[in-house]
Every structure is written in structure tokens, then in C-alpha cells.
Amino acid sequence: MDKYVVLSDFDGTVSQDLNFLIYEKFASVGFYYADLWAEGIIGTVEELLNTFATVDASQSEIKGEIKKAYFDPHFAEFVSLCMEEGLEVAIVSDGLEWSIQTLLTHHKVPDIEIYANRIYFEPEGFRFEFPWFDEETPRRGVCKLKIARAYKERFDTLVFVGDGHSDVDVVEVA
């Protein structure tokens, strides 16, 4: 039997866009930097840093809003079914790992790997890390293409689920 892996985007695919939810509720600039990103003027790193510089909310306030976000009611079942059939499943997102994990835990999704940008809540403010950034895709905080290639080396078949700008990068590999 072939070895399969399922990689899925998150924001806008499994749930509503969690960054947009945070921007709408808590950022004084709203979608200003997200719009610049959509126009191709700035990348994800600049969008996150600049927008979160205007966010005035605690971790618990943000977490409370995230738990209210739309979430595909069948995703937990989908992940469980994949695991039962021996398929590996991972999230590959240009969003925030903490937000994704918050929503997955809230909806009792089995533990899966998450590749996303990282946010830390510190006394002096937000701190970010971009461990999956690569110059190959400089407008993205997460190089989905590089992650997909690494999985393709280990699996016979790679299935990718996503419909956003950053998901198009993976098409050539999947």
C-alpha cells in the first residue's frame, strides 16, 4: 500500500480566518496591513508585526474570541478517520500556531503537527517567530512549498487541502 499524507491549510479552509478575527476585534488599524498584504505590497511577517503592534488585548481575551470562531464541524472526524486508515495529517498555515492549537484543542481534534508562525504573549507585548520562513517564498511567513517537498520525500502521495493565496505554492508538489 502507498504511504499517504494529508496537509491542510487552516484559516479559511478549516476555520474562519483567525488573524482577521483578531484584527477585527482588537487591532486599532483593522485590516489595513492585511489589505497591503493582499495587494502584494508587504509580506506576512510585516503584516503580523505591524498589525499586532496595534492590538490591545490580553491572551485570554483573544483566546475567548478564537473559541467562538467558525470551525468545520467535520474536521475532527476527518482527522480521526485519516489516522485510523494510517494517513498522517498536518496543518500547514501562514497563520498563527497558537491560534490554530487553541481552536483544535477546543474542538477536541486529535493531536497533529502544525507548521505555522509563532506568537508569544510576553509582559512587554507580543513576540513572533517565523521558523518556517524561507526566501523561496518571501511574502509568506511559512514556506508551504518547502514543507510539502519534505513530506513528498517521505510519502508516496501528498494530498493538499487549501484555497488561499499561499496554498497555490503547493500545487506543483501535490
Report summary line: With label points set 7 Å from each Cα along the Cα-to-Cβ direction at VAL171 and ALA150, the distance between them in nm comes to 2.5 nm
Query raised in the report: For the cross-link pairs LYS108/LYS146; LYS25/LYS152; LYS68/LYS144, which exceed 32 Å when the distance is taken from alpha carbon to alpha carbon?
Result: LYS25/LYS152
Query raised in the report: So in the chain, what percent of DSSP beta bridges are antiparallel if you round to the nearest 5?
Result: 35 percent
Report task. Excluding ALA57 itself, calculate the net charge of residues whose Cβ lies under 13 Å from the Cβ of ALA57, where each Lys or Arg counts +1 and each Asp or Glu counts -1. Result -> -2
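Determine the calculated [θ] at 222 nm for the chain from helices alone, applying -39500 (n - 2.57) to every DSSP H run no shorter than 4 residues and normalising by the residue count; nearest 500 deg cm²/dmol.
Details: 7 runs with 64 residues, N = 174.
Per the formula, -10500 deg cm²/dmol.
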Query raised in the report: Loop-only check: which GluC sites (Glu not before Pro) in the range 1-82 are DSSP coil with at most 14 other Cβ within 10 angstrom?
Result: GLU39
Report summary line: Per residue, accessible area of the range 95-143 with a 1.4 Å probe, heavy atoms of protein chains only, in Å², comes to 50 Å²
Query - Among [x] 9, 33, 33, 19, 6, 1; [y] 9, 31, 29, 20, 8, 2, 0; [z] 10, 38, 36, 14, 2, 0, the entry that matches P(r) over Cα pairs in 10 Å bins from 0, in percent as calculated here - result: [z]
Query raised in the report: Are there GluC sites (Glu not before Pro) in the range 129-174 that DSSP marks as loop and that have at most 15 other Cβ atoms within 10 Å, and which are they?
Result: GLU135, GLU136, GLU172
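Identify the trypsin sites (Lys or Arg not before Pro) of the range 2-64 meeting these criteria: DSSP loop state and at most 15 other C-beta atoms within 10 Å of the C-beta.
Working: sites: LYS3, LYS25, LYS63; in loops: LYS3.
Sparse-neighbourhood loop trypsin sites (Lys or Arg not before Pro): LYS3.
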Query raised in the report: Listed highest first by mean packing, meaning other Cβ atoms within 10 Å per residue, what order do 8-20, 154-166 come in?
Result: 8-20, 154-166
Report summary line: Membrane-span-like helices (DSSP H runs, Cα span along own axis at least 20 Å, mean Kyte-Doolittle at least 1.6) in the chain -> none
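Determine the share of the range 82-163's accessible area contributed by carbon and sulfur atoms, expressed in whole percent, with a 1.4 angstrom probe. Please list the in-between numbers first.
Details: 2050 of 4140 Å².
Reported share for carbon and sulfur atoms: 49 percent.
The values are calculated or read from the model by the stated rules, or taken from the named source; none is laboratory data. All of these numbers come straight from a predicted model, not from anything done at the bench. Virtual Cβ from ideal backbone geometry, glycine too; neighbours counted across all protein chains shown. Ligands, DNA and RNA are stripped out before the accessible areas are found, and what is left, the full protein with its side chains, is counted by its heavy atoms. Shrake-Rupley method; radii C 1.70, N 1.55, O 1.52, S 1.80 Å.
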